[in-house]
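Read-outs: derived from the displayed coordinates by stated rules, not from any lab. Quick caveat: nothing in here was measured; it's all calculated off a predicted structure. All Cβ positions, even for glycine, are placed from backbone atoms using ideal geometry, and neighbour counts span all protein chains on display.
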Amino acid sequence: MSEEVGFISMAGAKAAGEAPVLGIGMLGYAFMGKAHSNAFKKLPYIMYPPVAIPRLVAICGRNQEAVAEAARRYGYEKYYTDWRKMIEDPDIQVFDNGGPNDSHAEPTIAAAQAGKHVFCEKPLARTAEEAKKMLDAVEKAGVKHQVAFNYRFVPAVVQARKLIESGALGRIYHWRAVYLQEWGMDPKMPISWRFQKHIAGSGALGDLGAHIIDLARFLVGEPTRVMGLTQNWMKERPSPGDPTKMVPSDVDDAFVAVFEFQGGALGTMEASRFAPGHKNYNSFEINAENGSIRFNLERLNELEVFWAKEEPKETRGFHTALISESYHPYWANWWPHGHMIGWEHSFVHEFHHFFDAIVNNKDVAPYGATFVDGYRNAVICDAILESAQSGRAVDIKY
């Protein structure tokens, strides 16, 4: 299919009343590169009629052979090995940063300064100071900006938010969240950027904890004080090129933290890569005046709800609501009820939300995470690390 047939120009699209095209330039081609590309391809025919048509203009990575293969695999028109060159590409309107954490700040800031709308994987940055520079840049440039906290776009999580917004739960007393995985336990696993502080910033905290910190802010509100502990059990790992050579692994393998929120709610959060049996166990519970809600990402189409005054009291208990009806968030775009969606579909909702904000000049917040949310998340992560190091509670200040 030729470009003339396959893509509608911005001017032509508007004249014909069709969805405008947004040229995508993506940095990174591994895990998130695959997830994002999958969402771009699904979005036009699932979120129908689409608010925009993503055009896969270019993908960028350091390894020429690997990025060329990614371009062929995912369907990008071209590839770059220098993100600076990609940002100069006039066909790109949206810069999607799915690279390692140490490549978030500089390319994203440069893209904003070039007038590109920017979407960045989480955590936004390695430190709050770095995140603040990114926030300042996008606000100065006046571009749309979003952080990839995709769990905000799981239908059951959105339904939980709507229950809270309706006032049905009443005053919130407790937030309890864990994010557990097991893959970090293998001592033979070669070192990767996720285990190196100068690249990742932190370990389980930024990789997993950032998600549940964001969900806490999304559902409960701002935390005001934190007391945290971290642990690094595996302080070195084999070199990828030579398994007999050990390389320092200097990030946290797990953290636990206790929070106080505005309004007086108390919270606990923990994340670990050393939790056997847990594949991607992102779970939270909210206890409130009129009831409780529970969610588990490994059963992401379900929301457990308890109503304290439900009658008859003899059968009062947690109910499992299957979030798959057409009246549930995003479900009108998917399948008949009971035909489940999965983890990857949260990215479809996420990019649909971002493109809607771009095309129709809407606010990304409060349902989408902006760079404000990314910066505040980084402040909280830094506060946990400070508390773990000092042994004292730390006030959270933005």
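Using only the alpha-carbon atoms, what does the range 21-60 span along each of its principal axes? Please give whole angstrom values in decreasing order.
Here the spans come out as 29, 18, 9 Å, largest first.
Using 0.36 nm times the number of residues separating Lys313 and Asp186, minus their current alpha carbon distance, what extension gain do you get?
Between Lys313 and Asp186, full extension yields an extra 40.9 nm.
Quick one: what are the phi-derived ³J(HN,Hα) couplings along the range 292-301, Karplus 6.51/-1.76/1.60 with θ = phi - 60°, whole Hz, x for glycine and proline?
Per residue, the Karplus-derived 3J(HN,Hα) values read 9, 9, 9, 9, 9, 4, 5, 10, 6, 8 Hz.
Please compare each pair in Lys197/Lys279; Lys42/Lys162; Lys42/Lys197 to a cut-off of 31 Å on the Cα-Cα distance and tell me which ones are over it.
Lys42/Lys197
Over the range 151-395, what relative contact order in percent results from Cα pairs under 8 Å that are six or more residues apart?
26
Where in the range 228-326 are there trypsin sites (Lys or Arg not before Pro) that are in a DSSP coil and have at most 16 other Cβ atoms within 10 angstrom of their Cβ?
Lys235, Lys245, Lys279, Lys309, Arg316
Could you check the simple spin-label distance between Ser239 and Arg171, using points 7 Å along Cα→Cβ, in nm with one decimal?
Spacing of the two 7 Å Cα→Cβ label points: 6.0 nm.
Summing +1 for each Lys or Arg and -1 for each Asp or Glu, what net charge is found among the other residues whose Cβ lies under 10 Å from the Cβ of Pro50?
-2
Suppose we keep just the DSSP beta bridges with both residues in the chain; what percent of those would be antiparallel, to 5?
Bridges in the chain that DSSP calls antiparallel: roughly 60 percent.
Within the set of other residues whose C-beta is less than 12 Å from the C-beta of Pro238, count the net charge using Lys and Arg as +1 and Asp and Glu as -1.
Result for the neighbourhood of Pro238: 0.
In debye to the nearest 20, how big a dipole does the range 168-320 give about its Cα centre with +1 on each Lys and Arg Cβ and -1 on each Asp and Glu Cβ?
It works out to roughly 180 debye.
Pull up all non-local amide H partners of Tyr173: gap of 5 or more, or a different chain, and H-to-H distance under 5 Å with H placed in the peptide plane.
Placed amide hydrogens put Asn287, Ala288, Glu289 under 5 Å from Tyr173.
Roughly speaking, what is the stretch gain from Met246 to Ile199, that is 0.36 nm per residue apart minus the C-alpha to C-alpha distance, in nm to one decimal?
Value of the extension gain: 15.2 nm.
Which one, (i) 19.3; (ii) 26.0; (iii) 21.2, gives mean projected area of the Cα convex hull in nm² as derived from the coordinates shown?
(iii)
Relative contact order, percent, of the range 3-150 when contacts are C-alpha pairs under 8 Å separated by at least 6 residues?
20
For Lys132, which aspartates and glutamates qualify as cross-link partners when the Cα separation must be under 16 Å and same-chain residues fewer than eight apart are set aside?
Within the straight-line cut-off, Lys132 pairs with Asp102, Glu106, Glu121, Asp373, Asp382.
When the chain is fully extended, how far beyond the present Cα-Cα distance does Tyr398 get from Glu69, taking 0.36 nm per residue of separation?
114.2 nm
In nm, give the distance between the simple-model label positions of Glu139 and Ser326, each being 7 Å from the Cα along the Cα-to-Cβ direction.
4.4
What is the local net charge at Val118, summed over the other residues whose Cβ is closer than 9 Å to its Cβ (Lys, Arg +1; Asp, Glu -1)?
+1
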